[in-house]
Every structure is written in C-alpha cells, then in structure tokens.
Amino acid sequence: MKNISHTRREFVRKNSLISAGAILGLSTTNEILACFTPENSIPAILGGPPMLATHDWPSWPVWKPETDEKRVLEALRSGQWSRSKTVAEFEQRWAEIIGAKRALAVVNGTNALNASLAQLEIGWGDEVLVTPYTFIASVSSILFNGAIPVFVDIDPETFQMDPDKIEEKITNNTRAIMPVHILGLPSDIERIMNIAGKHDLVVVEDACQAWLAEVNYKKVGTFGEAGCFSFQNSKNMPIGEGGAIVSDNDEFMDRCYSYHNYGNPYGSVVGEVGAGTIIGGTKLRFTEYQAAIGLAQLDRLQEQTEMRNIRAVYFRSLIREIPGIIPYKLYDNVTKAAFHLFPFLYNKEEFRGLPKGKFVEALKAEGVPCSSGYQELNKMPYLKNTFNSRSFRKFYSGKRLNYKKYLEENSCPLNEKLCNDQAVWILQNVLLGSESDINRIVNAIEKIKNNADRIKKS
Ligand SMILES: Cc1ncc(COP(=O)(O)O)c(C=O)c1O
C-alpha cells in the first residue's frame, strides 16, 4: 500500500515538475531538477542544504515607488494628515469591493470588533458564541464590552467553528454569534446565519483575515449585521495598522461613525442643534496617509487573491498525496478563499512519531515560512484575570465567574488537538511565488518524512 502511494506521489511530482518546466523554461527546469541531488536528501535541520535556499515569493508587504510612494507623498505634502477626503475615498472603495452599502475605516481590526459589538449594544450580562481557533482580538472584543465569550468547538477539517455545535451552547443570555473566517477560509456562514435567525441572535463577522473571500459569490463580512476587517502589516491587505467595519445598516454605521469620533453628531446621531456630543464615544480615526497606502494596496489585492487561489489549489493537489498531510477543506458553497494562511493537518503517526513542533522546525530550516499556529485561546490566563477584575466581580455572580466550571463548560477537545498536534500553516506570501517554489516545499516535506526517525532523535 505504501509503495503504491509512493509511486503515485512520484508520478504527481514528476508531472508537476515537467509542467512547471514547460511553463517556466529550460533553465528553471534545470533549477528544479537540481533539488534532487543526493546531498539534498539530508534535511537542513541535520546540516543538509535547505530545499528553498532561493525562492520566487515576494517579501511582505509589497509596495511600489510609482504607486504607493506617490500616494503617500501626496498625502504627506497636503499637510492634511487627519481624517479627510483620502479616508473617505478609501471607505467608498472598500465598501464597493466588499459589496456593502457602507464602510468605516478605523485604527485596527481589534477596534472594529470592539466598536461593532458596542454599537449593537452587546455587553454586560450577554454571552457571545465564538470559535476558540482564532486570534486573541476576537475574544478580547467580547470581554472589552463586558460580555462573556462562550466557545464552540471547531471542525478540524475546515478549521472553523462547527455549526453542529452551536445550538447546544445557546442560553437565555446568548445575544450574538461571532463567526471568524479564520486563516482566510470562509466559515459555514450561511448555516450560521440560519441558526442566528432561528434564535434571534446578532451576527458580527470577524473577517479580519478574509478580504475578498466569498460564499456563493457574496463576500464574507456582508452576511451579518456587521463585518470587521484588519489591515495590519502581515495581512493580505497591509497598511501597517488599520481596520474597517462594513454594514448595510445606515443607523448602525452612523452610530459607529459617531462613536469613532468622540460620540459627536453624525448622520442620524443628532441632538438639539448645538447640544454637543451625543453618545458615549472614543477616538478611532484613520489617517490620510494610512488611506493613501490602502488605496495603493487595493490596486493589487484582487490579482494577488486570484494568484493565492491558483497556487493553493496546486499546492493542495500535491500535498494531499503525502500520507500524514491532510490539507484544509472548504465548505461546498465557498466560491473564493482569501488564504491568509495555507493550512494543513499533520499526522505524526505517518511521520514515525515526529512531533508537530519538530516537523515545523525542520520545515523552517528548509527555508519554508511556516508556523504551528494558534495556542488554545479558551484556556489562557486573560480569561481568569478578566473574571477576577473589579468590574466583572461587581457585575456577575460568583457562580457565573466560577473559573473551574467555565473551563469545563468551554472545553473544546477538537481545538485542543488541532492546536497542539495537527495544525500547520504556510504563510500567505509563499502563494505569490512560483509553482517551482511549491514543488520544492512538497519535496522538503517528503525529505523530512523520509528522515523523520533521524530528526526525531536529533
Ligand atoms: C481573526 C482576527 N481578528 C482580529 C484581529 C485584530 O486585527 P488588528 O491586528 O488589526 O487589531 C486579527 C489580527 O491579527 C485577526 O487575525
């Protein structure tokens, strides 16, 4: 059985090399074939040459003098650095691209989530259902507003909140669901919207990693009452820092605008003329030079997203042939993913018991930008410490804040396994490289597999 799958693998690899060679020309073919020299069979972590000593993917972020630098200089030289027409232009373009009626640019994705929950009046006494497989900001935004995060375990094949496990977590206090389209792969948002509708729950989408991802040709971020995006430096849409809220609800967007500008009057948020500040607010305004970078990035986001999708399909078709590597699965209704990361599940049993951490270390040594992914968010100390804070103790009963009970009720065994033993990510800019890069990453994984025993002992 092993021999058959090995032969199949060789076949796939050989063909991919031939087709890559045909596309890239003879010199590139020779370069690819050069990676099969005997000394390459020694893993880089054991002193051999790295499989990807060179590569074609760009370093991140990408920018160009004739576009980005020009726009930033224009903003700089205008002397108008605080929010003005460039921010308004960026918001209009973002709303158009995402297919939402309105967009509001804010300082970052974290505060896009904070503000959305606040303006949907989700807070003290409420419970919000969220996935444990996400970045801390999804969960911290719930606590920031005084609500309690309730974790719904994941489906390891898709890395997303499992819709089958949502209803059992709904109580009289549940007010909202926060689907997170994590890694840029859409969650099962249509099913989640149905469940939310049935139980009269608000949906705030964390689309901070999922720019331009689609379900049935509709962009994620436009399904719920609000969609939140991040433009932080590592993101596929990088501005350094930045975020956006999108929604079709004018009244909600007026409130978000007002909130992000101290609570001052805006649109439908009005009082008597001259009455002053209307709602409790804060300051989350975007700057003109951030918007200038954002507008330049928008010119390449679409094309880069298409390329990531093309490369991901190719990469997936190769690694699924390696026993012990199970690539991500997309839900059937996904028409486009964003691929902030290219994830797969690692099964150490097929790698002679080589632990995931060591596998990732060996892959990094081969020159592959990769990561072990998230740690378990539902068990970290911030929860206990927030529950112990003065305001939480004042508002909630001791019974509700019983941490031992909370941990039990929020245990997510599949997430635990995913975080600790299974998930491996390849970083997004790798998907902007060549097929030759992908071929050599596959070769690197096979090299590690063939030498798993030695690496394990090292
Ligand atoms: C899933 C998710 N949510 C929220 C955020 C917060 O975004 P920001 O870093 O822009 O505050 C991030 C950023 O890493 C994220 O990945």
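Out of all the residues in segment 207-226, which are open to solvent by less than 10 Å² (accessible area, probe 1.4 Å) and within 15 Å of the ligand (Cβ to nearest atom)? Within segment 207-226, Ala207, Ala210, Trp211, Ala213, Val220, Gly221, Ala226 meet the criteria.
Of all residues in segment 119-138, those that are surrounded by fewer than 22 Cβ atoms within 10 Å (Cβ to Cβ), in contact with a helix residue (DSSP H, G or I) (Cβ under 9 Å, 6 or more places away or on another chain) and either without any contact (Cβ under 8 Å) to a residue 12 or more places away in the chain or assigned to a helix (DSSP H, G or I) (or both) total 1.
For Phe144, the requirement of being at pLDDT 95 or above and under 13 Å from the mean Cα position of the chain (by Cα) is not met. For segment 214-235, indicate whether the set of residues that are of a type in the set (Phe, Trp, Tyr) and under 23 Å from Ala296 (Cβ atoms) is non-empty. Scanning segment 214-235 turns up at least one residue that is of a type in the set (Phe, Trp, Tyr) and under 23 Å from Ala296 (Cβ atoms). Within segment 237-268, being small (Gly, Ala, Ser) and either out of contact with any Asp or Glu (no Cβ under 8 Å at 6 or more places or on another chain) or away from the ligand (no atom under 11 Å from the Cβ) (or both) holds for Gly240, Gly242, Gly243, Ser247, Ser258, Gly263, Gly267, Ser268. The lone criterion from (1) among the hydrophobic types (A, V, I, L, M, F, W, C); (2) assigned to a strand (DSSP E or B); (3) modelled with pLDDT under 95 left unmet by Phe344 is number (3).
Test Ser59 against the stated conditions and say whether it is within 14 Å of the ligand (Cβ to nearest atom), under 29 Å from Leu330 (Cα atoms) and in contact (Cβ under 8 Å) with a residue 24 or more places away in the chain. No. Is it true that some residue in segment 1-17 is modelled with pLDDT of 95 or more, of a type in the set (Val, Ile, Thr) and surrounded by 12 or more Cβ atoms within 10 Å (Cβ to Cβ)? No: zero hits. All conditions in (1) in contact with an Asp or Glu (Cβ under 7 Å, 6 or more places away or on another chain); (2) open to solvent by less than 50 Å² (accessible area, probe 1.4 Å) hold for Gly109, with the sole exception of (1). Condition check for Ala95 on (1) of a type outside the set (Val, Ile, Thr); (2) open to solvent by less than 10 Å² (accessible area, probe 1.4 Å); (3) more than 28 Å from Glu376 (Cβ to Cβ); (4) outside any helix (DSSP H, G or I): one failure, at (4).
Just so you know, in segment 362-382 the residues that are touching a residue at least 24 places away in the same chain (Cβ under 8 Å), part of a helix (DSSP H, G or I) and within 22 Å of the chain's Cα centre (by Cα) include one that is surrounded by the most Cβ atoms within 10 Å (Cβ to Cβ), and it is Leu363.
Name the helices (runs of 4 or more DSSP H) wholly within segment 397-458 that hold at least 2 residues that are at pLDDT 95 or above and polar (S, T, N, Q)?
Qualifying helices (runs of 4 or more DSSP H): 435-450.
Listed here are the residues, each with its yes/no results for (1) open to solvent by less than 10 Å² (accessible area, probe 1.4 Å); (2) more than 14 Å from the ligand (Cβ to nearest atom); (3) part of a loop (DSSP other than H, G, I, E, B); (4) of a type in the set (S, T, N, Q).
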| position | (1), (2), (3), (4) |
| --- | --- |
| Ser140 | no, no, no, yes |
| Glu157 | no, yes, yes, no |
| Arg175 | no, yes, no, no |
| Asn194 | no, yes, no, yes |
| Asp200 | no, yes, yes, no |
| Cys228 | yes, no, no, no |
| Lys235 | no, no, yes, no |
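Considering segment 412-434 alone, what residues qualify as being surrounded by fewer than 23 Cβ atoms within 10 Å (Cβ to Cβ) and out of contact with any Asp or Glu (no Cβ under 9 Å at 6 or more places or on another chain)? Once the filter is applied, which keeps residues that are surrounded by fewer than 23 Cβ atoms within 10 Å (Cβ to Cβ) and out of contact with any Asp or Glu (no Cβ under 9 Å at 6 or more places or on another chain), segment 412-434 yields Lys417, Asp421, Gln422, Val424, Trp425, Ile426, Leu427, Asn429.
Pairs meeting the criteria (first residue in segment 99-114 and among the hydroxyl-bearing types (Ser, Thr, Tyr), second residue within 14 Å of the ligand (Cβ to nearest atom), beta carbons under 6 Å, at least 6 apart or on different chains) are Thr110/Ala137. Taking residues in segment 74-88 that are in a loop (DSSP other than H, G, I, E, B), and partners anywhere that are open to solvent by 50 Å² or more (accessible area, probe 1.4 Å) and at pLDDT 95 or above, the pairs with Cβ atoms closer than 6 Å and at least 6 places apart or on different chains are Arg83/Arg285.
For residues that are assigned to a helix (DSSP H, G or I), touching a residue at least 60 places away in the same chain (Cβ under 8 Å) and of a type outside the set (Gly, Ala, Ser), scanning just segment 177-192, find the one that is least open to solvent (accessible area, probe 1.4 Å).
Leu183
The values are calculated or read from the model by the stated rules, or taken from the named source; none is laboratory data. In this text the structure is predicted, and so the values were computed from the model without any measurement. As a convention, Cβ positions derive from the backbone with ideal geometry for all residues, glycine included, and neighbour counts pool all protein chains shown. Side chains included, ligands, DNA and RNA excluded: accessible areas come from the protein's heavy atoms. Shrake-Rupley method; radii C 1.70, N 1.55, O 1.52, S 1.80 Å.
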